[in-house]
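Before any comments, here is the structure.
The values are calculated or read from the model by the stated rules, or taken from the named source; none is laboratory data. In this text the structure is predicted, and so the values were computed from the model without any measurement. Reconstructed Cβ throughout: ideal geometry from the backbone, glycine too, with neighbour counts over all protein chains shown. Calculation scope for accessible area: heavy atoms of the full protein, side chains included, ligands and nucleic acids excluded. Shrake-Rupley method; radii C 1.70, N 1.55, O 1.52, S 1.80 Å.
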Amino acid sequence: AQTVTQSQPEMSVQEAETVTLSCTYDTSENNYYLFWYKQPPSRQMILVIRQEAYKQQNATENRFSVNFQKAAKSFSLKISDSQLGDTAMYFCAFMKLVGNQFYFGTGTSLTVIP
Amino acid sequence: EPEVTQTPSHQVTQMGQEVILRCVPISNHLYFYWYRQILGQKVEFLVSFYNNEISEKSEIFDDQFSVERPDGSNFTLKIRSTKLEDSAMYFCASSGRETQYFGPGTRLLVL
C-alpha cells in the first residue's frame, strides 16, 4: 500500500520569504508521479506542480519548485517570494501508474503573513 | 481553459435519502474519479472509471455508492441511502493521462 506523510500540519511565512513544505511517501513502485495541490478557502483543488519519478531533474513552475529525492522517498515543495494568495492548504499526492489512484497526505496549512 | 464542473455546489439531504452528484469532466479526458474530503481531513479516493467501467475503488465505495456515465458528457456519483457520515466535500476529477484536474466540489450535508 502507498502512504503519503506530511509532517507539518501548519506553517507560516512572511510575505516575500521562502518556505519549504515537506512530504515523504512509501511505495514499492519504481515508476510513479508525485503532485502538489493547493486548496484555498474555497476548497477547490488546484494543481501546483508535478514530478515524474523517472526524471531526476526537479520540476519547477515559476515560484514553485520541488526537491525530489527518490532514494529517500522525499518530495518537498519550495515556495519562493511568498505571496498572500499562497495562503492555503497544500496536499502532497502520489499516483501509481496502474489504476491512476491518488494517495493524498494529510495536508499542510500555510499562512503567508503580510 | 477547459475545466471540470460539478453540480450542485451544495446539497442538503435527510438521512436515508438518495443523492446524485453530477460532474462534467474535461471533454477529451478518458479517466474519471470521485474523491471525498470530510471536513478537516485529507482527500480520500473513492473510485476511478475508465472505458465505461470502474477500474478501481476503495473500501469506502461500498454497495451504497454507484457511478455512471449516462451520456457523453456527465459523470455521476449516486449515494443510495445517505448516512450522517457521508457528509463531506465530494470532488470529481478527470485526466487524460496522469495529471488529474479537480472540479470545485459538492458540499454534501446529511441531516
*If you take the charge dipole of the stretch A:3-113 about its Cα centre, with +1 on Lys and Arg Cβ and -1 on Asp and Glu Cβ, which of A:Gln39, A:Gln8, A:Phe94 is farthest toward its positive end?*
A:Phe94
_Cα-centre dipole for chain A with unit charges at Cβ (Lys and Arg positive, Asp and Glu negative), debye to 20_ = 300 debye
*Which distance in nm do the two modelled labels at B:Ser66 and A:Leu84 give, with both placed 7 Å along the Cα-to-Cβ direction?*
5.0 nm
*asked:* Using C-alpha positions alone, give me the convex hull volume of the stretch A:1-62 per residue in cubic angstrom.
replied: 127 Å³
_Tell me the net charge near A:Phe91. Cut-off is 11 Å between Cβ atoms, A:Phe91 excluded, with +1 for each Lys or Arg and -1 for each Asp or Glu._
+2
_Within the protein assembly as shown, percent of DSSP bridges classed antiparallel, to nearest 5_ = 90 percent
*asked:* Quick check: Cα centre of the stretch A:34-76 to Cα centre of the stretch A:90-114, how many Å?
replied: 8 Å
*Calculate how many DSSP beta bridges within chain A are antiparallel, expressed in % of all such bridges and rounded to the nearest 5.*
90 percent
*Where only alpha carbons of chain A are counted, the Rg and the Dmax (Å)*: 13.5, 43
*In chain B, what percentage of the DSSP-assigned beta bridges are antiparallel, given to the nearest 5?*
90 percent
*Taking a 23 Å limit on the Cα-Cα distance, which of the listed pairs A:Lys38/B:Lys78; A:Lys73/B:Lys42; A:Lys78/B:Lys42; A:Lys70/B:Lys57 fall beyond it?*
A:Lys38/B:Lys78; A:Lys70/B:Lys57
*At a probe radius of 1.4 Å, figure out the B/A buried accessible area, summed over both chains, and give it in Å² to the nearest 100.*
1900 Å²
_Distance histogram in 10 Å bins (all Cα pairs of the stretch B:1-88, percent per bin)_ = 15, 50, 31, 4
*Which whole number gives the average count of other chain Cβ atoms within 10 Å of the Cβ atoms across peptide A:103-110?*
3
*Given just the C-alpha atoms of the protein assembly as shown, how large is their convex hull per residue in cubic angstrom?*
125 Å³
